[in-house]
Amino acid sequence: MIKINTQFKKGVLELLVLVIVEKKDMYGYELVEAVSKIVDVNEGTIYPILKRLSNEGCFETYLEESKEGPIRKYYHITLKGKCTKKEQLEEWQKFEKSVNEFIRKSENNE
Amino acid sequence: MNLLERVKIMNKEEFLSKLRKKLNILAESEVDDIINEYQGYIEEKVSAGATEEEAVKELGNINEIADDLLSAYKVKTQKGSDDIIEKIVNKFEELVELFISKFEGKSAADILRFCIELALILLIVFICKLPFVIIEGIFKQIFYTFGDNNVLSFVNNIWHFVFELCYLVFAVVLFIKLFKRKFDSVEPGPSNENNQKKSNAVKPEKVVLEKKRKPEVSKKDNKSLADLIYTLCQGIVKFILIWILFSICCYIIGIVCASTFYVYLLIKGVHYFGIGLILLALLSGGIVFFETFFKLLTVRKNNWTRVLISLIVCLVFLGVGGTITAMDIANTTYVPYDNETNIKREIKNIPMEDNLTILGISEKDLIIDETVTDIRIEYSYNDIFTKMVPILDRDEFNVITLNYSIRNYNLKKAIDYEIGGLKEKKLLEIDESPRIRVFTNKENHDKLMANFNAHIVKEARQDRMNYEDDYIEE
């Protein structure tokens, strides 16, 4: 059961990350905290997603000094990232809609 | 979780070093990047109140993390480096994908309308060429008032090329701007609604599968087109870079040869320091350019500040060297052929004859020397030439033309000769023609002069007779 849950989460994490970074440039820790509020995941799994999306060209990174001292690496969404996010969002919405419809119909029939 | 799978409790250092080991197949820069991120995360968590062990635990299973990270890099093919070429081509690819995504599910009428608008934009861009043509025409007129020769037509061509280039850049920018404005106002294809209607008529389960397949296929097509364009662009740019690098190599080899020669001169004692500076500047400039283009070719980061500073320093050297060289050149004197030093002599003696005429010398070179009973002809020449052979052409009227043949020009001697001169900032003229002097006593001298004058008169008469026919005056 837990395994299925993890699969759900992994699938939608990419979408969440894309949506969050599109709103505002973020650094790693900030992003992880934001995602954790929405979905309960192991925070270590978020960085691989960030890495993969950066390698695919969906994110650009830049360094900025922070008030607290350490230099932070910020993630910024690119044009390609916006494309990917749009695709994933459409897929998710279609998916969510059809699944919900099916469940609703099944519930009604009982 | 299996009871046997106990999560080992690690602190920050243990976690990071373990992770680094698991990732050692990746490039070092990437691993450093990843480790930094996790380190930053753990430190932030700690500063927020947790212990290192708790922060590491929150990250989860280290094996899973490593697996996920490694799988992220299977995607990495040509992308993932901060290179200008990559950036340009990536941008291009993004645009192509965005472009194609807008066209999904559009009706024929929409597409037609879009094409018409595109044609309109092109028309506007072409009309904008008019001001460029007018301005270029005005410049042409101004140029022509200065006359019409090769240099001007060359300059004219350059101007024309510059104008065409400006127009091209302008046209591209204008086109992109107009296109973008039109493009962004256009809504993406209404693919959702059409497909949705279909799905309601069919079982919902099937729909999920169909939907998944369709976007994948179209995505693959887009990817292959973009990939093709991408690899093509990359190939062209790399080819041009290789060509440029080859040219720079040849240039550097040339400068090195010139520098070797300069050092040789320096050793021999010729001091023209300005030229040394110039050569140094040219060599450094060449190396900087080579490095820059090489880095562009092999996808490495270029430190542009360093490049800029190096070029500025080279220019400064060039300027200083140039000034010093100019001053040195101004101080160098050109010394015409010196007949007194480095001289070899060839002497030919011929007997005097009453009707003898000698040609090939001027009067001042016919010298009276009472000690000479017959005629002594003296050839003086620079000893750079190893051999000079006097040739006396005697014709049937006993007219001797003093001729010669020079053999075996000795390069080493010539260079040493010039270097000797340059040491004293003198440029010595080397003349292969020997100085010819004829020595004889007064009696012979006068007779020779008389014969010579008679010869001249006879020649003039001959000439007039030959050309009289041409001068028909009416």
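The values are calculated or read from the model by the stated rules, or taken from the named source; none is laboratory data. These numbers were taken from a predicted model, which means no experiment stands behind them. For neighbour counting, all protein chains shown are included, and Cβ atoms are generated from backbone atoms with ideal geometry for every residue, glycine included. When the accessible area is computed, the model is the full protein with side chains, heavy atoms only, and any ligands, DNA or RNA have been set aside. Shrake-Rupley method; radii C 1.70, N 1.55, O 1.52, S 1.80 Å.
The 3J(HN,Hα) values that the Karplus relation (6.51, -1.76, 1.60; θ = phi - 60°) gives for the range B:241-249 are, in residue order, 5, 4, 4, 4, 4, 4, 4, 5, 4 Hz. Gly and Pro appear as x. Distances between placed amide hydrogens fall under 5 Å for B:Asn441 paired with B:Asp369, B:Val372, all partners being 5 or more residues away or on another chain. Note on B:Arg464/B:Ile415: beta-carbon distance plugged into 1/(1 + (r/R0)^6) with R0 of 51 Å gives a FRET efficiency of 0.50. Selection among A:Asn109, A:Val19, A:Thr61 by position relative to the dipole of chain A gives A:Asn109 as farthest towards the positive end (Cβ unit charges, Cα centre).
Qualifying trypsin sites (Lys or Arg not before Pro) in the range B:283-334, where qualification requires a DSSP coil assignment and no more than 14 other C-beta atoms within 10 Å, comprise B:Arg300, B:Lys301. Rolling a 1.4 Å probe across the protein heavy atoms gives chain A an accessible surface of 59 Å² per residue.
Exposure check, 1.4 Å probe, all protein chains in place: B:Met465 carries approximately 120 Å² of accessible surface. The 3J(HN,Hα) values that the Karplus relation (6.51, -1.76, 1.60; θ = phi - 60°) gives for the range B:320-331 are, in residue order, 4, x, x, 4, 4, 4, 4, 5, 4, 4, 4, 7 Hz. Gly and Pro appear as x. Would you mind checking which residues have amide H under 5 Å from A:Phe59's amide H? H placed 1.01 Å from N; only 5 or more apart, or other chain. Here the answer is A:Ser54, A:Thr78, since their amide H atoms fall under 5 Å of that of A:Phe59. Backbone phi angles across the range B:126-139, fed through the Karplus curve with coefficients 6.51, -1.76 and 1.60 (θ = phi - 60°), yield HN-Hα couplings of 5, 4, 5, 5, 3, x, 4, 4, 4, 4, 5, x, 4, 4 Hz in residue order; Gly and Pro are listed as x. Local charge for B:Val438 was computed over the other residues whose Cβ lies under 12 Å away, with Lys and Arg +1 and Asp and Glu -1, and equals 0.
Note on B:Lys423 and B:Val299: the model spin-label points, each 7 Å out from Cα along the C-beta direction, lie 5.9 nm apart.
Restrict the search to the range B:389-424; then list the chymotrypsin sites (Phe, Trp or Tyr not before Pro) that DSSP places in a loop and that have at most 12 other Cβ atoms within 10 Å of their Cβ. All intermediate terms of the calculation are to be shown ahead of the outcome.
On the way: sites: B:Phe397, B:Tyr404, B:Tyr409, B:Tyr417; in loops: B:Phe397.
Hits after loop and neighbour filter: B:Phe397.
Less than 10 Å Cβ to Cβ from B:Glu370, Lys/Arg counted +1 and Asp/Glu -1: what total charge do the surrounding residues give? Taking every other residue near B:Glu370 into account, the sum is -1. With a Förster radius of 56 Å applied to the beta-carbon distance between B:Ile229 and B:Val263, the computed FRET efficiency rounds to 0.65. Take the accessible area of chain B alone and of chain A alone, subtract that of the pair, and you get about 3200 Å² summed over both chains, using a 1.4 Å probe.
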